[in-house]
Amino acid sequence: MDSPEWKDCIICFGLIAGTTLGVILSFFFHIQLTYGIASGAMVGYIGGLAVSIWKQ
């Protein structure tokens, strides 16, 4: 993880994982799919960004 590209990868992974989790949880909690995708992507992005900053 010496290259700067891993930061972009971890943020993208956070977006994908958060969006997927938002879709799954929207079905379980019976909320609109749009809100599940948006909230999951937001949480995933923040999580990926936090990991990339923490691993500097």
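Readers should treat all values here as calculations from the given coordinates under stated rules, not as data from a laboratory. Given the structure is predicted, the values throughout are model-derived calculations rather than measurements. Quick reminder, even Gly has a Cβ in these numbers, built from the backbone with ideal geometry, and neighbours come from all protein chains shown.
Output the 0 to 90 degree angle, nearest 10, between the alpha-carbon long axis of helix 33-54 and the longest principal axis computed from the alpha carbons of the chain. Approximately 20 degrees, to the nearest ten. Highest mean first, the peptides 30-38, 14-22, 44-52 sorted by other C-beta atoms within 10 Å per residue fall in the order 14-22, 44-52, 30-38. Using only alpha carbons, the chain has a radius of gyration to Kirkwood radius ratio (Rg to Rh) of 1.12.
Maximal additional length on extending the Ala50-Phe13 stretch stands at 12.1 nm, based on 0.36 nm per residue less the C-alpha distance.
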